[in-house]
1. Looking only at region 154-174, how many residues end up being surrounded by 15 or more Cβ atoms within 10 Å (Cβ to Cβ), outside any strand (DSSP E or B) and within 14 Å of the chain's Cα centre (by Cα)?
2. List the number of the failed condition for LEU28; all other conditions in (1) surrounded by 18 or more Cβ atoms within 10 Å (Cβ to Cβ); (2) at pLDDT below 95 hold.
3. List the number of the failed condition for GLU19; all other conditions in (1) among the charged types (D, E, K, R); (2) open to solvent by 60 Å² or more (accessible area, probe 1.4 Å); (3) modelled with pLDDT of 80 or more hold.
4. Which of (1) open to solvent by 20 Å² or more (accessible area, probe 1.4 Å); (2) in contact (Cβ under 8 Å) with a residue 24 or more places away in the chain is the odd one out, the single condition GLY151 does not satisfy?
5. Between a first residue in region 38-61 that is free of Cβ contacts under 8 Å to residues at least 40 places away in the same chain and a second residue that is open to solvent by less than 70 Å² (accessible area, probe 1.4 Å) and small (Gly, Ala, Ser), which pairs have beta carbons less than 9 Å apart while being 6 or more apart in sequence or on different chains?
6. Quick check on region 119-145: of everything there that is small (Gly, Ala, Ser) and in contact with a helix residue (DSSP H, G or I) (Cβ under 8 Å, 6 or more places away or on another chain), which residue is most open to solvent (accessible area, probe 1.4 Å)?
7. Just to be sure, is LEU89 within 14 Å of the chain's Cα centre (by Cα), modelled with pLDDT of 90 or more, under 25 Å from LEU172 (Cα atoms) and surrounded by 12 or more Cβ atoms within 10 Å (Cβ to Cβ)?
8. Can you tell which of GLY114, GLY151 is over 23 Å from GLN70 (Cβ atoms) and either touching a strand residue (DSSP E or B) at 6+ places or on another chain (Cβ under 9 Å) or of a type outside the set (Val, Ile, Thr) (or both)?
Amino acid sequence: MLWTGRGCLCHNGNMAKKETKTNAMRYLENVGIAYKEHTYDVSDGLLDGVSVAEKCGEDPDQVYKTLVTQGDDKNHYVFVIPVREKLDLKACAQCAGVKSVAMIPQKELLPLTGYVHGGCSPIGMKKKFPTFFDETVVLFDTIMVSGGRVGVQVELDPQELLKAVDGKTAPLTR
């Protein structure tokens, strides 16, 4: 679905039934960034990033996951990396300018960001955190990130996304 400013269009061109917008979608619309909404079935329990990419018919290299960490300075940092990759915590700490970072406990994610595990988007969090994207993000015309709810992804121009969240790029994976 492509947001046109007048609602969403289904892939077949028919108007979609109006669904609840997520914070991520509302934020993108408020700043005028076009996105394509992808929904996928969650009933089979296959919610890992590669499965999500396959369900959406996308290249897993272009689908990114959002990970939230806390530095030894007690500040939070957001890292966005390709779904097949693993976060290099030492590289992330260096990017953030701290000695170390660690993943936050899952139970802290919703109160901190407004998003649940599996539906965490780098867009529209409760508070703006320093956000870093893996350097590969600039290789693509579009990428996909969580749309802010399990079962929803948004596809958009990575340069627009970087601007929207004041993101920086760096090598973040091992």
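The values are calculated or read from the model by the stated rules, or taken from the named source; none is laboratory data. Note that the coordinates shown come from a computational prediction; the quantities given were computed from them, not determined experimentally. Note: ideal-geometry Cβ built from the backbone for every residue, glycine included; neighbour counts use all protein chains shown. Side chains included, ligands, DNA and RNA excluded: accessible areas come from the protein's heavy atoms. Shrake-Rupley method; radii C 1.70, N 1.55, O 1.52, S 1.80 Å.
1. The qualifying residues number 8.
2. (2)
3. Of (1) among the charged types (D, E, K, R); (2) open to solvent by 60 Å² or more (accessible area, probe 1.4 Å); (3) modelled with pLDDT of 80 or more, only one is false for GLU19: (3).
4. Every condition holds for GLY151 apart from (1).
5. Final answer for the pair search is ASP44/SER51; ASP59/ALA53; PRO60/GLY49; PRO60/ALA53.
6. GLY124
7. Criteria not met by LEU89.
8. GLY151
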